[in-house]
Amino acid sequence: MSDNSVKTANDVAENFEPKILVFACNWCTYAGADLAGTSRLQYPPNVRILRVPCSCRVNPQFVIRAFQRGIDGVLVAGCHPGDCHYTTGNYYTRRRFLLINRMMEYMGIDPKRFHTRWISGAEGPKFQQVVTEMIEEVRAIGPNRKLRDDMKVTVNTDDIVASVEADTKVVADNV
Amino acid sequence: MSNAFVYNFDQVQNEMRAMAKELLESGEATMVIGWEKGALPYQSTPVMIRSAEDVDKLIWDAYCQQNLSTYLIDYIYTDEKVAIFAKGCDTRAYNRLIQDNRIKAEKCIVIGVPCPGMKNAREAARLPENAEVPMANACKECRYPNPVVFDKRVGTDVTAWCTERDFSDVEAIEAMPADDKYAFWQSQYTKCIRCYACRNICPACNCTSCIFDQSASGWCSKDINASENQFYGVTRAFHVAGRCIECGQCEMVCPSEVPIMLMNKKFIKDIDSLFGAHEAGLDTNTPAPLSHFSVSDPEEFM
Ligand code: SF4
Ligand code: SF4
Ligand code: SF4
Ligand code: FES
């Protein structure tokens, strides 16, 4: 099926270190992560923080892109509703992610792999706790194999040819 | 659904031709967009008519499913005054385009045509001649067969045959284990050939420049494989979420029979339950669910 099929989830699970991508809003969550750092709060080094001007900047397609490129879990985090630096950005984030998170689940992606959280600049401990829990959860379910674009499942041209041939026949029979 | 049998297509067709003739002769319209008979019995294709002599090309039958409103976009920067025939769904598409600021009402004449429900052309192609052809999937669940907005109209109103959408297909997928869901969507999206027919026909997908035409964005690609096709499918569904008028055209034109409406309906179902019932394109004032918000939206991210 794929050129990665030799490496199954179980083979690598033993010393698997999850890669977690955090989209952090500049004004709250990024400051929260910074506070966690300056307060010397420990969390596993599995997170990559990507700073965005506002949680609302996170196009849901960025999340899917991250999974395509081999990330195992994605956290989208911003200011609490009412606290957005741009007043209303995170209300839009909330609507979008309420929907897209449900869609990801509908596509068969484990909901443990994607989260949206409000983490303020004062919530260093919350940042530590959310990412630590997420890392442990993702570690337990293993590497993400879904949506990965290096696991090229190519288009089955035989099926397409067969269906075009069938259609052509229907057309030929009808004229 | 029995409307189809008492509905008199020929009579409405005569009214359509007379209306088109009148509009073109008087100069009220410079062009009329309707349907003409295609090469096969189950094909009725769009036709642009500019001369009153040609109005007899116009037909009205059970295969006029194609939504004509999207063609209006092509004439927004011309001096044309375009009249279109519009079924219930076409009028909702028209409202959609007005609301997206893609067409101007003063350049269009909408001629409403109450619709008895169209037949499933794809099934018709497979069934033996003279077999009873089922109604198109989208039409089965249509709640607005009569035009919701119009400048002129032909025919008489029909009674809607459906009052509520049927989400059982979406629920069936929701109930599947995660790996089965994923396998199902993979099997569907390996069929996609990225022809973009679903995008091109869609009255909600009306962007002046589509992200899928921009190969250098760095985060969306033109590669054809299950992963990128699925990225395309879900992105497009998300872009039309809350604006999809459920005409079913995307699924109908897909050469690979990807069940696109299963994605669209999932968003519709979730929007209704999270943010309150919404019907796209019924008017031009109600904002689309993703273009506004409420401070009392459900909170799941604390
Ligand atoms: S896929 Fe998205 S960007 Fe492209 S036309 Fe549709 S709505 Fe616009
Ligand atoms: S997404 Fe499909 S059903 Fe919805 S408006 Fe576009 S073409 Fe019609
Ligand atoms: S119409 Fe079908 S095959 Fe073409 S791009 Fe859309 S989903 Fe893919
Ligand atoms: S600035 Fe933080 S969510 Fe908008």
Amide H proximity to B:Ile109 below 5 Å, modelled H, separation 5+ or other chain, gives B:Val82, B:Ala83, B:Ile84
Rounded to the nearest 10, the angle in degrees between the Cα long axis of helix B:226-240 and the longest principal axis of the Cα atoms of chain B comes to 60 degrees
Can you grab the distance from the C-alpha centre of the stretch B:197-212 to the C-alpha centre of the stretch B:217-266, Å, no decimals? 10 Å
Quick one: dipole size for the stretch B:10-153, taken about the Cα centre, charges +1 on Lys/Arg Cβ and -1 on Asp/Glu Cβ, in debye to the nearest 20. 520 debye
Among the GluC sites (Glu not before Pro) in the stretch B:264-302, which ones are in a DSSP loop with at most 12 other Cβ atoms within 10 Å of the Cβ? Mind listing them? B:Glu299
What is the sum of charges, Lys and Arg at +1 and Asp and Glu at -1, for the other residues whose Cβ falls under 9 Å from the Cβ of B:Ile111? +1
Cα-centred dipole magnitude for the protein assembly as shown, charges only on beta-carbon of K, R (+1) and D, E (-1), debye, nearest 20: 1260 debye
Rounded, prolate or oblate: pick one for chain B, where a ≥ b ≥ c are the square roots of the eigenvalues of its C-alpha gyration tensor, a/c under 1.5 means rounded, and failing that, prolate if a/b is larger than b/c, else oblate. prolate
What percent does the relative contact order of the stretch B:168-291 come to when contacts are Cα pairs within less than 8 Å and at least six residues apart? 27 percent
Förster-model FRET efficiency, 45 Å R0, B:Ile211 and B:Thr30, C-beta, rounded to 0.05: 0.85
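If you count, for every residue in B:279-292, the Cβ atoms of partner chains within 10 Å of its Cβ, what is the mean?
Per residue, the average neighbour count from other chains is 1.
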Rounded to whole Hz, the Karplus (6.51, -1.76, 1.60) HN-Hα couplings of the stretch B:285-302, x for glycine and proline: 9, 5, x, 5, x, 8, 9, 8, 7, 10, 5, 9, 4, x, 10, 10, 10, 5
Label the stretch A:3-150 by shape, choosing from rounded, prolate and oblate, from the square roots a ≥ b ≥ c of the eigenvalues of the Cα gyration tensor; if a/c is under 1.5 it is rounded, and otherwise prolate applies when a/b is larger than b/c, oblate when it is not. oblate
From the residues B:Pro287, A:Gly89, A:Pro44, which one has its Cα farthest along the dipole of the protein assembly as shown in the positive direction, the dipole being from +1 and -1 charges on Cβ of Lys/Arg and Asp/Glu about the Cα centre? A:Pro44
Yeah, the stretch B:53-113 with a ≥ b ≥ c from its alpha-carbon gyration tensor (a/c under 1.5 is rounded, else prolate when a/b outruns b/c, oblate otherwise) is oblate
Calculated FRET efficiency, B:Asp10 and B:Cys195, Cβ-Cβ r, R0 35 Å, to nearest 0.05? 0.50
Expressed as a percent, the accessible surface of the stretch A:39-162 that is carbon or sulfur, using a 1.4 Å probe and the full set of protein chains, is 50 percent
Evaluate the distance, in nm, between pseudo-label points positioned 7 Å from the Cα of B:Asp179 and of A:Leu41 along their respective Cα→Cβ axes. 3.7 nm
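Based on Cβ point charges of +1 for Lys and Arg and -1 for Asp and Glu, what charge dipole magnitude is obtained for the stretch A:3-150 about its Cα centre, in debye rounded to the nearest 20?
Working: 20 positive and 15 negative charges, 96 e Å.
Magnitude of the dipole: close to 460 debye.
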Using alpha-carbon coordinates, inclination of helix B:260-275 to the longest axis of chain B, degrees: 70 degrees
In nm, the gap between the two label points placed 7 Å beyond Cα toward Cβ at B:Ser294 and B:Ser273 is 1.7 nm
Which whole number gives the average, over all residues in B:34-41, of C-beta atoms from other chains lying within 10 Å of the residue C-beta? 1
Accessible area of chain B belonging to carbon and sulfur atoms, whole % at 1.4 Å probe: 51 percent
Output the antiparallel fraction of DSSP beta bridges having both residues in the protein assembly as shown, as a percent to the nearest 5. 25 percent
Count, for each residue of A:70-76, the Cβ atoms from other chains sitting within 10 Å of its Cβ, then give me the mean as a whole number. 0
Put B:Trp161, B:Trp35, A:Trp27 in order of accessible area, largest first, probe 1.4 Å, and you get A:Trp27, B:Trp161, B:Trp35
Step through the residues of the stretch B:135-152 one at a time and calculate ³J(HN,Hα) from phi using the Karplus curve (6.51 cos²θ - 1.76 cosθ + 1.60, θ = phi - 60°), rounding each to whole Hz and writing x for Gly and Pro. 6, 4, 3, 5, 5, 4, 9, 6, 9, 10, x, 8, x, 8, 8, 6, 9, 9
Could you work out the local net charge near B:Glu171, counting Lys and Arg as +1, Asp and Glu as -1, over the other residues with Cβ closer than 11 Å to its Cβ? 0
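Add -39500 (n - 2.57) for each DSSP H run of 4 or more in the protein assembly as shown, then divide by its residues: what number comes out at 222 nm, to the nearest 500 deg cm²/dmol? Display every interim value, and only then the final one.
Details: 17 runs with 182 residues, N = 477.
Estimated from H runs of four or more residues: -11500 deg cm²/dmol.
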Interface size between chain A and chain B, please: total buried accessible area, 1.4 Å probe, rounded to the nearest 100 Å². 4700 Å²
Using amide H atoms built 1.01 Å from N in the peptide plane, name the residues 5+ places from A:Leu50, or on other chains, whose amide H lies under 5 Å from its own. A:Val22, A:Phe23, A:Ala24
How far apart, in nanometres, would the label points at B:Tyr71 and B:Asn130 be if each is projected 7 angstrom from Cα along the Cα-to-Cβ direction? 3.4 nm
Averaged per residue, what accessible surface does the protein assembly as shown expose to a 1.4 Å probe, in Å²? 44 Å²
For chain B the mean separation of alpha carbon contacts under 8 Å (6+ apart) over residue count, i.e. relative contact order in percent, is 16 percent
Short version: which residues of the stretch B:220-251 lose at least 50 Å² of accessible area, all chains versus chain alone, 1.4 Å probe? B:Asn225, B:Ser227, B:Phe231, B:Val234, B:Phe238
If you take the charge dipole of the protein assembly as shown about its Cα centre, with +1 on Lys and Arg Cβ and -1 on Asp and Glu Cβ, which of A:Val74, B:Ile193, B:Ser273 is farthest toward its positive end? A:Val74
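The values are calculated or read from the model by the stated rules, or taken from the named source; none is laboratory data. All values derive from a computational prediction rather than experimental measurement. Heads up, the Cβs are rebuilt from the backbone with ideal geometry, glycines too, and the neighbour counts pull from every protein chain shown. Heavy atoms of the whole protein, side chains included, go into the accessibility calculation; ligands, DNA and RNA do not. Shrake-Rupley method; radii C 1.70, N 1.55, O 1.52, S 1.80 Å.
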